[in-house]
Amino acid sequence: MKVYILDYGWLEGDINWMAALKNFATKNNKTVSSCWTRFPEYGVLIETGERWILYDTGSHPDDYDRSIRFPFYYREGQGIISQLNMLGLQPEDVGTVVLSHLHDDHAGNIHLFPHADIYIDWAEYTYMEKYRSESRVFQNLKEMERIHLFKEDFYIDTNIEILRLPGHSPGLAGMYLHSKAKPMFFVSDAVNMADNYGIPPKAAVGLFDERLYFQMIENIRRVERETGAQIIFGHDFEQFEKMKKCPEHYEL
């Protein structure tokens, strides 16, 4: 299978939101400045030989520079339409979409896929339906006819496993790509960046369930130890810069 990393643009914000207290004052340094930095947004497109599978859709273009806390930006050539076009594709060519979770920066363009089979964790969907049903993402999802809610880990294709990683949100889902060489484990915001994955791990701000969050980090470490998989974080610019981007691809 071929694996394409789609570059959707980037968020900007204080790094302490992503890795809590990365920069903090001490008795000897009482005036620490905030660190405003970039965080990538991306999706993963997989060509299996029989179909195209997309993991995450990125922010809606209307969100450009709207947020005060995490403004979203993109330049020419970035964004889901432009990235698909690089491969000669349109959204209607993608028949399967997996959403890691329902935050705007991961599911903001789901409206482009009314024709597709859409997979969402049951707990994630139920929480949004109950508490954030007014969100644009959820309003768009209500228009979809082929939503599949799952409660357990499952294989969406022969070598593509969807693994539940709740904590950051009620039902975050990672994507594990099996390979005899080097498996790839896309963990989305279960681990924002290497700073969160360190020893000891760091929390992010605004977690749905802190206990589950740290438990999932240990689960991800176990998978890494047992399989040698490359762990790919949700918003780590240093890691993202080193990865192949569409139209280049990984062959697994």
Whole-Hz Karplus ³J(HN,Hα) for the stretch 118-133, in order, using 6.51 cos²θ - 1.76 cosθ + 1.60 and θ = phi - 60°, x for Gly and Pro?
-> 10, 10, 9, 4, 4, 5, 5, 5, 5, 5, 4, 4, 7, 10, 9, 5
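Go ahead and estimate [θ] at 222 nm for the chain from helices alone: -39,500 (n - 2.57) per DSSP H run with n ≥ 4, summed, over the residue count, rounded to 500.
Working: 8 runs with 57 residues, N = 252.
Value at 222 nm, helices only, nearest 500: -5500 deg cm²/dmol.
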Where only C-alpha atoms are counted, convex hull volume of the chain per residue in Å³ = 134
Report the residue, chosen from ASN159, ASN29, ASN140, that carries the largest GNM mean-square fluctuation when the chain is represented by alpha-carbon nodes joined by springs under 10 Å.
-> ASN29
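Looking at the calculated P(r) for the stretch 45-137, what percent of the C-alpha pair distances fall above 21 Å? Numbers along the way, then the final one.
Values: 1473 of 4278 pairs.
I get 34 percent for the Cα pairs in the stretch 45-137 exceeding 21 Å.
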Of the residues THR31, THR57, THR96, which exhibits the maximal mean-square fluctuation in a Gaussian network model of the chain defined by a 10 Å Cα contact cut-off?
-> THR31
Quick one: helix 210-227 against the long Cα principal axis of the chain, what's the angle to the nearest 10°, folded into 0 to 90?
-> 60
Share of carbon and sulfur in the accessible heavy-atom surface of the chain [1.4 Å probe, %] | 48
Cα-Cα over 28 Å: which of LYS130/LYS245; LYS2/LYS242; LYS151/LYS242; LYS22/LYS130; LYS22/LYS242?
-> LYS130/LYS245; LYS151/LYS242; LYS22/LYS130
Based solely on C-alpha atoms, express the radius of gyration and the Dmax of the stretch 200-252 in angstrom.
-> 14.0, 39
Among DSSP beta bridges lying fully in the chain, give the percent that are antiparallel, nearest 5.
-> 65
Of the DSSP beta bridges with both residues in the stretch 76-207, give the percent that are antiparallel, rounding to the nearest 5.
-> 60
Go ahead and run the numbers for FRET between ARG136 and ILE81, Cβ-Cβ distance against an R0 of 22 Å, rounding to 0.05.
-> 0.80
Whole-percent tail of the Cα-Cα distance distribution for the stretch 1-92, cut at 18 Å, equals 55
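The values are calculated or read from the model by the stated rules, or taken from the named source; none is laboratory data. Note that this is a predicted model, so its numbers are computed, not measured. No Cβ is skipped: glycine too gets one built from the backbone with ideal geometry, and neighbour counts run over all protein chains shown. For the accessible areas, the whole protein counts, side chains as well, though only heavy atoms, and no ligand, DNA or RNA atoms are used. Shrake-Rupley method; radii C 1.70, N 1.55, O 1.52, S 1.80 Å.
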